[in-house]
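Read-outs throughout are calculated quantities, based only on the coordinates presented, and are distinct from any laboratory measurement. Everything numeric in this text was worked out from a predicted model, so none of it was measured. Every residue, glycine as well, gets a Cβ built from its backbone with ideal geometry; the counts of neighbours run over all protein chains shown.
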Amino acid sequence: MAKQLGRRAGHGGEDPLQPLRHSTAHLMAGAVLDLFPGTKLGIGPAIKDGFYYDLETPRPIVPEDLGRIEARMREVAAADVPFERSEMPRDEALRLFAENGQDFKVDLIRSFDRAEGADDGTVSIYRHGGFVDLCKGPHVERTGRITAFKLMSIAGAYWRGDETRPQLTRIYGTVWPTQKELDAYIDHLKEIERRDHRVLGRDLELFRIDDELGSGLVLWLPRLSVVREELESWWRRVHRARGYTLVYTPHMAHERTYERSGHLEKYGENMYGPLLLDEGTQRFWIKPMNCPGHIKVFQSRIRSYRELPLRIGELGTVYRYERGGTLHGMQRVRGFTQDDSHIFCTWAQAQGEIGKVFDLAMEFMRLFGYSDPVIYLSTRPERRLGTDEMWDRAEGALREALGVREVPYKIDEGGGVFYAPKIDIKVRDAIGREWQGPTIQIDLNLPERFDVTFVNEKGERERAVMIHRVLFGSLERFVGGLIEHYAGSFPLWLNWEQVAVVPIREDALEYARSVTARLEERALRVHLDEPPLADMRERIREAQHRRASYILVVGGREAASGTVSVRPRGAGKGEEERGVALDAFLDRVVRERDTQQLPSDFSPAEPSVGDAVG
């Protein structure tokens, strides 16, 4: 019974700090009860990097209360009282919590099936001091073990995630074995805040989400549009060089398409529609995925085995409904562009094609400075399309492809999408956080539903294998991640302002214009600081704020010698290079752009105690 209780209540996990974190959740709940008599307890699990507890308090908890709660927690911790576990018959536990007015604990106990519990129908109880909670544990031995903790924030949460039930106050906290680790974690959170793409997006004028236009819909402002244009151009070059055929498909399709694909059956709650067209006689839906369109491209004529593998790619915009509370800047949106590609091939070709995609994905991650890839094989979810035989074959093909390449990987049980198992590649960014990277899926379901075939060597129709894959995934999410990865300072090849030219005085303006013209001849993006001329230091600060990759300062001396003073982004006042020949600078910056080098001010941090935050 205790095992099921803990699992259902959100406890558990294999984190070695779980007992410490869960114990601190109890310590916090006890402190709230002491300070706010009549508080009703929800659940209080350990989570990644900390803990929370859901509570219904006599009056709302506000941020100013957190200091008082922490102080009371420290008093109880200093008392060094033991955490004591006991078992109690289910009916007795119901009476205990009912008598104490703990309605949510009563609700939890009543929801458990006796058949799932111990033979004697008991539940486990933990006590420390006068605090009693329904819990499976484990906990640390005594409250004195809890020393380095901090309460972080307050949020709202519906009881058991049900909007029809009471809304509780959720208090989040973090705890670590030592003060040094806690301090490192707090510093890590400050670094995350500094890199927040929503804040940088506003300060650098990169993107906007306008509520009048629609929540979850991104406006790419001019600077970030440059980044997107460069990414898309690079993507197209890479794919054409690797034999992909690039296409465009419509933004909506007839209802029968999504009935046939299974999207309406398994994914309909996340789709926009129906749109009633032709005087209401036809029902269309906005596309949530590009797969059906690529199948129709493949089926535009009869295909021969000689044409395979046929690699079809698209930067296709799709729309999916996400609940308002889950939207998050560019990283969780309702309209986004995916770099979808689908490879149609034979079974004999499938392993080789998966290998080529895998190699491209690794190259892709290295280009952007992502490190430490972790490979997951995500297997069949509970809700899925297709037979077990089809899933066995698809999962087996992915396993074989990884095995041949001797790639270490982890199993993500049930983590596949409803139509296919997949290989997920997750990487760490500049401050150690894990991000979703490229994915590779092998789909035996849609080829069956759409009867995707080719003519084989015997002149017979044969079912094609269909491999799905993305590199960017969502461009919006990927670029939002890049903003944080680079802390707003993009590599030269992507940057909206590659060079800023700052004349010292007006008499250097003509030379500054000639320098600008030379840079533009090499297709560099240049900002010339034209009159009216403000204080030079202020103009340099403005160029730094715009995140120009290089600032060229020119005056009479530079004009006379045909040189420039070069200040790379991030360099201090005394770190500029003086007397650099313009031709030498041009060669250097063009080489940096064309080789797509990472910026000199990009320095990935070593993973820290907070490296799992993301």
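Under 20 Å from a point placed 7 Å out from the Cα of LEU35 along the Cα-to-Cβ direction: which residues of segment 71-85 have their backbone N that close? Within reach of a label on LEU35, which here means backbone N under 20 Å from a point 7 Å along Cα→Cβ, segment 71-85 contributes 71-81. If R0 equals 30 Å, the separation of the Cβ atoms of ASP412 and LYS296 corresponds to a calculated FRET efficiency of about 0.45.
Assuming R0 = 35 Å, what is the FRET efficiency of THR147 and THR326, from their Cβ-Cβ distance, to the nearest 0.05?
Numbers: r = 35 Å, r/R0 = 1.01.
So, using R0 = 35 Å, E works out to roughly 0.50.
Rg over Rh for segment 2-177 works out to 0.93, both radii taken from alpha-carbon positions and Rh defined as the Kirkwood radius. Taking every DSSP helix (H) stretch of at least 4 residues in the chain, weighting each as -39,500 (n - 2.57) and dividing the sum by the residue count yields a mean residue ellipticity at 222 nm of -11000 deg cm²/dmol.
Only lysines eight or more places from LYS287 in sequence, or on another chain, were considered; those with a Cα closer than 17 Å are LYS266, LYS296. Positive end of the dipole of the chain, charges at C-beta (+1 Lys, Arg; -1 Asp, Glu), about the Cα centre: which of VAL247, HIS128, GLY30 has its Cα farthest in that direction? Sorting the options by dipole projection puts first VAL247. Fully extending the segment from ALA155 to HIS254 would add 31.5 nm, taking 0.36 nm per residue of separation and subtracting the current Cα-Cα distance. Summing Cβ point charges (Lys, Arg +1; Asp, Glu -1) relative to the Cα centre of segment 499-594 gives a dipole of roughly 340 debye. Once you order the gyration tensor axes a ≥ b ≥ c over the Cα atoms, which shape class does segment 266-333 get: rounded for a/c under 1.5, otherwise prolate or oblate by comparing a/b with b/c? Since a/c reaches 1.5 but b/c is at least a/b, the shape of segment 266-333 is classed as oblate.
Dipole magnitude for segment 2-177: about 220 debye, using +1 per Lys or Arg Cβ and -1 per Asp or Glu Cβ, origin at the Cα centre. Note on the chain: dipole from Cβ charges, positive end direction compared against GLY173, LEU20, VAL333; the farthest Cα belongs to VAL333.
Dividing the mean sequence gap of close Cα pairs (under 8 Å, 6+ apart) by how many residues segment 395-469 holds gives a relative contact order of 23 percent.
Mind checking Rg over Rh on segment 186-225, alpha carbons, Kirkwood formula for Rh? Write down the numbers at each step before the final one.
Details: Rg = 12.3 Å, Rh = 11.2 Å.
Value, to two decimals: 1.10.
Segment 463-481 and segment 194-265 have Cα centres lying 11 Å from one another.
Local charge for ALA25 was computed over the other residues whose Cβ lies under 12 Å away, with Lys and Arg +1 and Asp and Glu -1, and equals 0. The overall shape of segment 189-305 is oblate: from the C-alpha gyration tensor, with semi-axes ordered a ≥ b ≥ c, the ratio a/c is 1.5 or greater and a/b is no larger than b/c.
Annotation: lysines with alpha-carbon distance below 17 angstrom to LYS136 (same-chain offsets under eight excluded): LYS3, LYS105. Here's the list of lysines a cross-link from LYS190 could span, going by alpha-carbon distance under 26 Å and ignoring same-chain residues fewer than 8 apart: LYS48, LYS150, LYS180, LYS426. Here the extension length gained between ARG208 and ALA78 equals 41.9 nm, from 0.36 nm per residue of separation less the Cα-Cα distance. Full extension of the segment from ASP583 to ALA348, taken as 0.36 nm per residue of separation minus the current Cα-Cα distance, would add 79.3 nm.
FRET efficiency for ALA534 and VAL199, Cβ-Cβ distance as r, R0 = 22 Å, nearest 0.05?
Working: r = 26 Å, r/R0 = 1.19.
Working from the Cβ atoms, E equals 0.25.
With only Cα atoms counted, segment 499-594 has Rg and Dmax values of 12.0, 34 Å.
By count of other Cβ within 10 Å, fewest leading, how are TYR272, TYR52 ordered? Could you put the intermediate results ahead of the total?
Values: TYR272 16, TYR52 25.
Sorted ascending by nearby Cβ count, the order is TYR272, TYR52.
Take the Cα of ALA71, step 7 Å toward its Cβ, do the same at LYS180, and the gap between the two points is 3.1 nm.
For ARG142, the residues whose amide H sits under 5 Å from its own are PHE83, ignoring neighbours fewer than 5 places away on the same chain, with H placed 1.01 Å from N.
About its Cα centre, the chain has a charge dipole of approximately 660 debye under the convention of +1 per Lys or Arg Cβ and -1 per Asp or Glu Cβ, with nothing else charged.
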